[in-house]
Each structure stands twice: as structure tokens, then as C-alpha cells.
Amino acid sequence: MSLLQTVQQYLGKSEVEQIGNQVGLDPATTESAISAALPMIVGGMAKHASSAEGSDTLQQAMDHHADALDDVPAVVQSPPPESVTGGFLNRIFGSHQEKVQQGVQQASGLDFQKVKKLLATLSPLVLSALARHKGGNQPEADSNQVGSLLRREAQKAQEEAPHVGGLLGQLLGA
């Protein structure tokens, strides 16, 4: 199962509705926005993990959010406040944050603030799924393992999400 599929299996109808309420969207638009955001999040994390420093930062974020999938409703109901959102997204996307936000904005048609909220809500879930994919019971993965896993997952995401595949390809090639 891919990283995207892992996250999506935890996003049922009520979670999608909660995300929509947080972001200010109807359920159909929320589903569409989530399907655009998840691959871009994975791609942004993969690009950020291409450096040792970025990979280490992601490893720390993964450790911090490892249990997020255990209580999705709580994560969705309490995304980081606006004052924290930019720093959180910068920490997990680094210098690629703007490209991720633009990609989601272009693919979903959402305004910038809604994209930021959506990314801040979904990113802990992706980090939790990533922690599970690297092997929750194994010792911490080194930065190369995290980067390799994310690159493989970003390539899968590109295949699984053709509606953002071109945008994701631009991000990964940047």
C-alpha cells in the first residue's frame, strides 16, 4: 500500500467533512482538494529530504507526529493555529513550501489561505503514515532511508494522481 493510500484509508466521510469545516469548503470540494494536496505534500517532503538537513528535519517531524493516524479526528479538529502554520510548513517543506502551495492552489483552485490550512491539517497525517511505512518498530531510519522512501512514494504519487502529476514532476525536478 502506498503512502497516499495509507492516509486516504483514514480519511472517512466524517473526517473529510471536518477538514472541509476547518478550511471552509463543501465536502465535494474538500475531497478534490485533498486529492490534489496529498501528492504535493509527499512531493514537497521528498524534495526537502533530498538534503541531509531536510531529511533530518523530516525525521524529527515524523517522530513528533508518528501517532497522528491513531486519532485522526483530533488532528483534523485541531490543526496548528495560523501563527504556527507557516513555521510548521516551512519546517517540513523547507524552501519548497511555496511550490507545494502553488501546486495545490493550481490543482484545486483554492485560495492561498485555504491551501495553507489544508496542508497544515493533512501534513501530520502524511508524516504519521511515513513513520509507519519506514517501519514503526525498527530503529530510527537514517536520513538516506527517509529520503529514498519519500522519493519512491513521490514517484508512486505521480502515477496515482495524474491530475497533479505534471505539477508534482515540476516540483521534483526543481
Residue in the stretch 60-69 that is within 26 Å of Gly166 (Cα to Cα), buried (at least 17 other Cβ atoms within 10 Å of the Cβ) and either at pLDDT below 95 or aromatic (Phe, Trp, Tyr) (or both) present: no
Among residues of the stretch 33-54, those that are of a type in the set (Gly, Ala, Ser), over 24 Å from Leu110 (Cβ atoms), in a helix (DSSP H, G or I) and modelled with pLDDT of 90 or more, counted: 1
Complete set of residues in the stretch 22-53 that are without any contact (Cβ under 8 Å) to a residue 24 or more places away in the chain, closer than 20 Å to Leu69 by Cβ and surrounded by fewer than 23 Cβ atoms within 10 Å (Cβ to Cβ): Glu31
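Looking at the stretch 7-28, is at least one residue in a helix (DSSP H, G or I) and either under 17 Å from Ala154 (Cβ atoms) or touching a Cys at 6+ places or on another chain (Cβ under 9 Å) (or both)?
Yes, there is a match, as at least one residue in the stretch 7-28 is in a helix (DSSP H, G or I) and either under 17 Å from Ala154 (Cβ atoms) or touching a Cys at 6+ places or on another chain (Cβ under 9 Å) (or both).
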Residue within the stretch 108-131 that is buried (at least 20 other Cβ atoms within 10 Å of the Cβ), on the phi < 0 side of the Ramachandran plot and in a loop (DSSP other than H, G, I, E, B) present: yes
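The values are calculated or read from the model by the stated rules, or taken from the named source; none is laboratory data. Keep in mind the model is a prediction, meaning the values are calculated, not measured. FYI the Cβ positions are ideal-geometry reconstructions off the backbone, even for glycines, and counts take in every protein chain you see.
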